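Enquirer: I'd like to ask you about the structure that follows.
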Ligand SMILES: Nc1nc2c(ncn2[C@@H]2O[C@H](COP(=O)(O)OP(=O)(O)O)[C@@H](O)[C@H]2O)c(=O)[nH]1
Ligand SMILES: [Mg+2]
């Protein structure tokens, strides 16, 4: 990467990384394109930015199409996670047990016909879960892939007691991959520009009823690709571990800001991607603070209020005092 990227560009990039809505992403990308130094060394980056912008505009358009076929869920909280899976695998039950939402749950398929959001608390962080209708060979709501593509991550919910296993899971994976929303364990190194791969955890439900040999088959098939979590909505087994795994997978850190001379505000942490710095936090708190910031003090780990540089990488639970 060329060394001469401007602070404006980096700030826009930071905003892009932490953006949650299409609009935030688009305006950040536009600013990145406007502020990237225009010379030979950045030609590839410029082309890449233009491509990403075109894709985002296209997606934004199709989401808010006049025909009313698109359905979206406004992102809230630190991240938006979709629940995807075959019919009757237990998606709605999982939403109900992890959030305060009250989705319809039944032992017959296609009970869920619209996206249903709910807020899951992981410690002091809010994470939005969105329950979706099933994906099956005969059924895929036309708006569903678009919604999946716009999410930050996915839980691929699998019922180990299903008689269709593993075909029903494969159908979900194949249909979403065909719709450019592949469910991946790790983001691959080179991504087809039309694809929007979703970091995915596999949630094996109904642990209270599942036979060990069925779970073993799933482990053999998918264990090298996804982090697998076994849960039961009936006994609540595995639910805490699932929350922790979700938080880890999101690769986020939460930090608490503290005005100089005042107590730390623990009520609402700022949530930023891993690797983001004090400067990124300042940008998030306020544009002006970012511009005027002299230094910061950090509490956390071995630090007890020492000064740190702008490029100090924040760690989960750090307390940060920004000095302008
Ligand atoms: N025993 C047991 N049954 C479950 C569990 N999770 C879901 N179910 C049942 O599985 C059926 C389908 O659940 P639902 O949440 O509607 O699945 P969805 O179609 O994927 O949303 C319902 O009868 C649920 O009561 C679980 O952890 N244990
Ligand atoms: Mg359902």
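The values are calculated or read from the model by the stated rules, or taken from the named source; none is laboratory data. Since this is a predicted model, take the numbers as computed values, not measurements. Note that we place each Cβ from the backbone using ideal geometry, even for glycine, and neighbour counts take in every protein chain shown.
Enquirer: Of all the helices (runs of 4 or more DSSP H) wholly in segment 233-324, which have at least 3 residues that are free of Cβ contacts under 8 Å to residues at least 40 places away in the same chain?
Expert: Values: elements: 239-250, 278-285, 287-292.
Answer list for segment 233-324: 239-250, 287-292.
Enquirer: Residue check, residue 127 against (1) at pLDDT below 95; (2) farther than 29 Å from residue 216 by Cα; (3) touching a helix residue (DSSP H, G or I) at 6+ places or on another chain (Cβ under 9 Å), all met but one. Which one?
Expert: Among (1) at pLDDT below 95; (2) farther than 29 Å from residue 216 by Cα; (3) touching a helix residue (DSSP H, G or I) at 6+ places or on another chain (Cβ under 9 Å), residue 127 violates only (1).
Enquirer: If you check residue 168 against the conditions, is it modelled with pLDDT of 95 or more, within 15 Å of ligand 2 (Cβ to nearest atom) and over 30 Å from residue 271 (Cα atoms)?
Expert: Numbers: modelled with pLDDT of 95 or more: yes; within 15 Å of ligand 2 (Cβ to nearest atom): yes; over 30 Å from residue 271 (Cα atoms): yes.
Taking the combined requirement at face value, the residue satisfies it.
Enquirer: When the residues of segment 171-220 are narrowed to those that are part of a loop (DSSP other than H, G, I, E, B) and within 16 Å of ligand 2 (Cβ to nearest atom), which ends up farthest from residue 140 (Cα to Cα)?
Expert: If we filter segment 171-220 for residues that are part of a loop (DSSP other than H, G, I, E, B), which is where we start, we get 179-182, 185-197, 205-211.
Adding the requirement that they be within 16 Å of ligand 2 (Cβ to nearest atom) leaves 205-206.
Values: 205: 22, 206: 24 Å.
Per the criteria, the residue is 206.
Enquirer: In segment 185-210, what count of residues is obtained for those that are over 20 Å from residue 151 (Cβ atoms) and at pLDDT below 95?
Expert: 2
Enquirer: Looking at segment 131-156, which of the residues that are assigned to a strand (DSSP E or B), surrounded by fewer than 22 Cβ atoms within 10 Å (Cβ to Cβ) and more than 11 Å from ligand 1 (Cβ to nearest atom) is modelled with the lowest pLDDT? So that I can check it myself, show each step before the final result.
Expert: As a first pass, look at segment 131-156 and keep what is assigned to a strand (DSSP E or B): 131, 136, 139, 153-156.
This time we only want the ones that are surrounded by fewer than 22 Cβ atoms within 10 Å (Cβ to Cβ), so: 136, 139, 153.
Right, trim to more than 11 Å from ligand 1 (Cβ to nearest atom) and you get 139, 153.
Values: 139: 93, 153: 97.
It comes out as 139.
Enquirer: When you look at residue 106, is it more than 30 Å from residue 268 (Cα to Cα), out of contact with any strand residue (DSSP E or B) (no Cβ under 6 Å at 6 or more places or on another chain) and within 16 Å of ligand 1 (Cβ to nearest atom), yes or no?
Expert: Working: more than 30 Å from residue 268 (Cα to Cα): yes; out of contact with any strand residue (DSSP E or B) (no Cβ under 6 Å at 6 or more places or on another chain): yes; within 16 Å of ligand 1 (Cβ to nearest atom): yes.
Considered against the rule, which asks whether it is more than 30 Å from residue 268 (Cα to Cα), out of contact with any strand residue (DSSP E or B) (no Cβ under 6 Å at 6 or more places or on another chain) and within 16 Å of ligand 1 (Cβ to nearest atom), residue 106 comes out as yes.
Enquirer: How many residues are under 21 Å from residue 273 (Cα atoms) and either in a helix (DSSP H, G or I) or over 26 Å from the mean Cα position of the chain (by Cα) (or both) when one looks only at segment 1-52?
Expert: If we filter segment 1-52 for residues that are under 21 Å from residue 273 (Cα atoms), which is where we start, we get 1, 5-32, 49, 52.
Now drop any that are not either in a helix (DSSP H, G or I) or over 26 Å from the mean Cα position of the chain (by Cα) (or both), which leaves 5-18, 22-32, 49, 52.
Counting residues in segment 1-52 that are under 21 Å from residue 273 (Cα atoms) and either in a helix (DSSP H, G or I) or over 26 Å from the mean Cα position of the chain (by Cα) (or both) gives 27.
Enquirer: Go through segment 88-124 and give me each residue that's touching a residue at least 40 places away in the same chain (Cβ under 8 Å), out of contact with any helix residue (DSSP H, G or I) (no Cβ under 8 Å at 6 or more places or on another chain) and closer than 26 Å to residue 182 by Cβ.
Expert: Selection gives 88, 90, 91, 93, 94, 114, 117.
Enquirer: Can you tell me which residue in segment 83-104 is nearest to residue 151 (Cα to Cα), limited to those that are more than 11 Å from ligand 2 (Cβ to nearest atom) and assigned to a helix (DSSP H, G or I)?
Expert: This residue is 98.
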